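Heads up, the thing below is written out as structure tokens.
The values are calculated or read from the model by the stated rules, or taken from the named source; none is laboratory data. The shown structure was predicted, so the numbers you read here are calculated from the model rather than taken from an experiment. Cβ atoms come from the backbone with ideal geometry, glycine included; neighbour counts cover every protein chain shown.
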Amino acid sequence: MKTYKYAYLLMMTLLVLGACKVSKDIKTPQAALPATFRNAATTDTTSIADIPWKNFFTDAELQKLIDSAIVKNYDMQLAVKNIESAQLLVKQVKWNYVPTVGLNVTASTSRPSDNSLNGLSLSTAGVTTKHIEDYSANLELSWEADIWGKIHNQNKAALAAYLQTNEAKKAVQTTLVASVSQGYYNLLMLDAQLQTAQNNVKLNDSTLRIIKLQYDAGQVTLLAVQQADAQQQAAAQLVPQFEQNIALQENALRILTGELPDRIERSKKLNDIAFADNLSAGLPSALVSRRPDVKSSELALNIANANVGINQAEMYPALRITAQGGVNSFKASNWFNVPASLFGVVSGSILQPLLNHKELKTNFEVAKIDREKTVIQFRQTVLNAVGEVSDALVKIDKLKAEQDIAANRVNTLQKATSNANQLFKNGLANYLEVITAQGNVLQSELELATIKTERLNAVAELYRSLGGGWK
């Protein structure tokens, strides 16, 4: 009686201890964040990242491309499948609280040795058969009490992993929105540069005809014709280069949107795309809740906390209760003779790891180190996020100034080219001045298109780095 009393008290003590956690969770650390982003043009607490992407990127053709990418892009499809898989695991882990039940149906026959205990017992009992038969059909139930919170931590880890897959999908979408928009802006830039090269070829053709006429009249040497011809060929060489780059960019955009390589329809020009000069980045503290990668790092800490609890619980005694009941008979004819064939067994056990305690202890210590690494990774993710926003802000600011200077330079060189052509036609300027002016205006117009695109790309990068694009 005392033995049962002590066993009962031990089981009750373990159940009471189960109400306490064996490990203490580390809370999400407070990341070191500045009050405002560096180079922020405004102190507005709102952020462009809160704007849905369809309201931020208003070009209809660009919206179609982004829509297609969100639906058809294979990275997005894989992210959705990861969510579905994690959701099933969350539902499955909840069943860990429920006892496991198994159905066992067995039939066996054995021929014991005449010199064995079973053989001698049969002979003593006067049983003439040399075979022992056994027929059994029973249900077996097994249940482990969640004393140390192991199952609770398994549920916690599975839920955090599921939420991570949602954040991963958001991260893929934010990257897709930015990448498609940047690819679209690059395509408009190549269109503008191709048009610039074609216009310059026509301008050089006109100049070359005039120089050839002057050569025929003996006013200039053959060197002038050759240099004008070389200038025209240099401009003409750019045309197939830009046409090639346009086709490659179109193919890349098509693949990004989950479609086969083909031409992309577009009616807008590079100069038609514009954003407000003062884009609000909001407060750095909002990055923690808005950026998917930062949120995923925060969830990783929940998983690390859960793993520490699971590994620590493995070192403590496990209380298991099993029950078995059904019908059993040594004759098939009496197998289901109820109630004579009924039997039942109930048992409880406490399992304490001994020989593998060192291994379990090592796993526990490794889990704690992994948790510390997760904290470091979280802080690093936040730091990188702040750096990306600051980089985008300074790019937008400095590229605006660079674009203004480049635009003025283009305007000046266009006037210089026009004046050089007029003076050349009137014999007041030589062919070298005309060729130089045309070459300078070509390069300056190409550079201006590049700077405009870099600024648009920086805006798209700012939108992504702030966590915009998944709404």
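Observations
- The residue list Thr221, Thr175, Thr165 contains one member that is touching a helix residue (DSSP H, G or I) at 6+ places or on another chain (Cβ under 8 Å), over 24 Å from Lys94 (Cα atoms) and touching a residue at least 60 places away in the same chain (Cβ under 8 Å), which is Thr175.
- Set Ala318, Ala306: member being modelled with pLDDT under 90, surrounded by 17 or more Cβ atoms within 10 Å (Cβ to Cβ) and within 27 Å of the chain's Cα centre (by Cα): Ala306
- Residues being surrounded by 15 or more Cβ atoms within 10 Å (Cβ to Cβ), part of a helix (DSSP H, G or I) and not hydroxyl-bearing (Ser, Thr, Tyr) - total across region 212-226: 4
- Just one residue in the set Lys395, Lys373, Lys358, Lys400 is at pLDDT below 90 and part of a helix (DSSP H, G or I); that residue is Lys358.
- Note on region 41-87: residues that are crowded, with 18+ Cβ neighbours inside 10 Å and part of a loop (DSSP other than H, G, I, E, B) total 4.
- In region 192-199 there is no residue matching the filter, namely being outside any helix (DSSP H, G or I) and without any contact (Cβ under 8 Å) to a residue 12 or more places away in the chain.
- Evaluation of Ala19 against (1) outside any helix (DSSP H, G or I); (2) under 24 Å from Lys156 (Cα atoms); (3) modelled with pLDDT of 75 or more (one fails), failing number: (3)
- Filter result for Glu365 (over 30 Å from Thr28 (Cβ atoms), part of a helix (DSSP H, G or I) and more than 26 Å from the chain's Cα centre (by Cα)): no
- The single condition among (1) small (Gly, Ala, Ser); (2) part of a strand (DSSP E or B); (3) touching a residue at least 24 places away in the same chain (Cβ under 8 Å) that Gly344 does not meet is (3).
- The set of residues in region 400-417 that are more than 26 Å from Leu279 (Cβ to Cβ) and either buried (at least 17 other Cβ atoms within 10 Å of the Cβ) or touching a Cys at 6+ places or on another chain (Cβ under 9 Å) (or both) comprises Leu413, Thr417.
- Counting the residues of region 88-111 that are at pLDDT below 85 and either polar (S, T, N, Q) or part of a loop (DSSP other than H, G, I, E, B) (or both) gives 9.
- Filtering region 365-390 to residues that are among the acidic types (Asp, Glu), free of Cβ contacts under 8 Å to residues at least 12 places away in the same chain and closer than 30 Å to Ala281 by Cβ leaves nothing.
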